[in-house]
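The values are calculated or read from the model by the stated rules, or taken from the named source; none is laboratory data. All values derive from a computational prediction rather than experimental measurement. As a convention, Cβ positions derive from the backbone with ideal geometry for all residues, glycine included, and neighbour counts pool all protein chains shown. For the accessible areas, the whole protein counts, side chains as well, though only heavy atoms, and no ligand, DNA or RNA atoms are used. Shrake-Rupley method; radii C 1.70, N 1.55, O 1.52, S 1.80 Å.
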Amino acid sequence: MHIKLQSPLDMHLHLREGVMLQNVTPFTAAVFAGAVVMPNLVDPVDSLEKVRAYRKKIKECENTENFAPYMTLFFKQYSRQQLLDAKNEIIGIKLYPAGITTQSENGVSDISAINETLGYMEELGIPLLVHGETGGFVMDREKEFLGAYQQFAENFPNLHIIMEHITTADAVTIVDHYENVSATVTLHHLLITLDDVAGGLLEPDLFCKPIAKTPKDRAALQDAVFSGHPRIMFGSDSAPHPRHKKECCGCAAGIFSAPVALPMLAQLFDDAGKLDLLQNFVSGIACSRYGITPLQKTITLEKKPWLVPELYHDLKPFAAGQRLSWSQVI
Ligand code: DOR
Ligand code: ZN
C-alpha cells in the first residue's frame, strides 16, 4: 500500500546553527516542502538582518533547493516600522515567556506589557506563535497559560494566534472556542505520555517541553486531530540536542523527530483508520490558516517495515531502533 502526500509542511521546527544546522536540515528539507523555523538561537533571531542571515545559512544546507524555510522573529517589542519592513520575509513572530525553555532567556517577562507590538502585528497581519507555558508546576504550565491565550484572542480578534505544541485536553477547548486561534500538535505528543518519559527508567530522549501529559490529554489531542479539526495542524517541534546534552545531569528538553516524522505519522493515522486525513493535517490546514501556497513536492510513503537507525550523526532520533510499519519511498 502506498500514499502520496502533496507538499507536506512542518509548522514548528528547530534547525539550530553551525554543524548541527547542516546535519539536521537535510532530513526535513528532503521530504517537506517547507517548515516554520524557530528563532531561539543562542543569539535569538530578533532583527530582519538576522532573519536574512539565518535564512541564507539554511538555504546553503543540502537538499534545500525545493524547500521553503518560513522564517520567524523572536518576540520582543518591535516598532511598527520594523514590523512593516520584516512582514514579507517572516511567517510570524514567536513569543517565548522568559526562561521557559531552551534559549528563551530573552523572552517576554510581562505578558501584559506587549499590547503595542501585538496591535501592530494585528494591523499588519503578522501571526503570533506562542510557547504557552507558565513557570508553575510542570504538569499545569500549559493550563495556567490558557488565560493569556484567551486575552490575546479577545483583545486582538484579527490577530492569528498559534498555540504551539499543545499537550492538553484544556488547550483543545481553547482552539475550539476562538476562530482566530490555531494550534500545532507534535507527533510525540500524539504518541507518548508522562509515563513514557519517567514511568520506568528515565528516558531523556523523550524529555521535551511542554512535558508529555496524561493518557486523557493524549486522547483529547488524538480525538481532535482524527476529527479533522480545521485549526489543528502538524508541527514536529523536532528539537535536536547532541548526546552529551541529553545523556547527562540537567538533560536538555527536545525530541529529534525530523527523520521519522512522516512515516510515523502515516503509521499513526493508518492505525487509527484515518489515513484520509493525513494530507490535510500535514499541509492543507497550514495552507488555509497561514494563507500560504507551498512549493510543489510529492512524497510517497509505503506500508513497508523500516528499522529506525539508533543514531544520525551525534543525534538520537525519536523511535530509535524501533521497527515502523511505514517507510518513505526514496
Ligand atoms: O522540548 C523543547 N525543545 N521545547 C521547546 O520549547 C524548545 C525546544 C528546543 O529548542 O530545544
Ligand atoms: Zn519548539
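Numbers at a glance
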read-out: Check on Glu65, out of contact with any strand residue (DSSP E or B) (no Cβ under 7 Å at 6 or more places or on another chain) and within 16 Å of ligand 2 (Cβ to nearest atom); value: no
read-out: Of all residues in segment 22-43 being away from ligand 2 (no atom under 16 Å from the Cβ) and part of a loop (DSSP other than H, G, I, E, B), the one that is least open to solvent (accessible area, probe 1.4 Å); value: Ala33
read-out: Flag for Ile299 being within 17 Å of the chain's Cα centre (by Cα) and more than 15 Å from Leu187 (Cα to Cα); value: no
read-out: For Thr117: the one exception among (1) open to solvent by 10 Å² or more (accessible area, probe 1.4 Å); (2) of a type in the set (S, T, N, Q); (3) in contact with a helix residue (DSSP H, G or I) (Cβ under 8 Å, 6 or more places away or on another chain); value: (1)
read-out: Residue in segment 80-104 that is farthest from Gly119 (Cα to Cα), counting only those that are open to solvent by less than 50 Å² (accessible area, probe 1.4 Å) and more than 16 Å from ligand 2 (Cβ to nearest atom); value: Ile90
read-out: Meets criteria (open to solvent by 10 Å² or more (accessible area, probe 1.4 Å) and within 12 Å of ligand 1 (Cβ to nearest atom)) for Pro127; value: no
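Residues checked against (1) open to solvent by 60 Å² or more (accessible area, probe 1.4 Å); (2) touching a residue at least 24 places away in the same chain (Cβ under 8 Å); (3) away from ligand 2 (no atom under 16 Å from the Cβ):
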{"position": "His188", "(1), (2), (3)": "no, yes, no"}
{"position": "Thr193", "(1), (2), (3)": "no, yes, yes"}
{"position": "Val197", "(1), (2), (3)": "no, no, yes"}
{"position": "Lys213", "(1), (2), (3)": "no, yes, yes"}
{"position": "Lys216", "(1), (2), (3)": "yes, yes, yes"}
{"position": "Gln222", "(1), (2), (3)": "no, yes, yes"}
{"position": "Ser227", "(1), (2), (3)": "yes, no, yes"}
{"position": "Ile232", "(1), (2), (3)": "no, yes, yes"}
{"position": "Ser236", "(1), (2), (3)": "no, yes, no"}
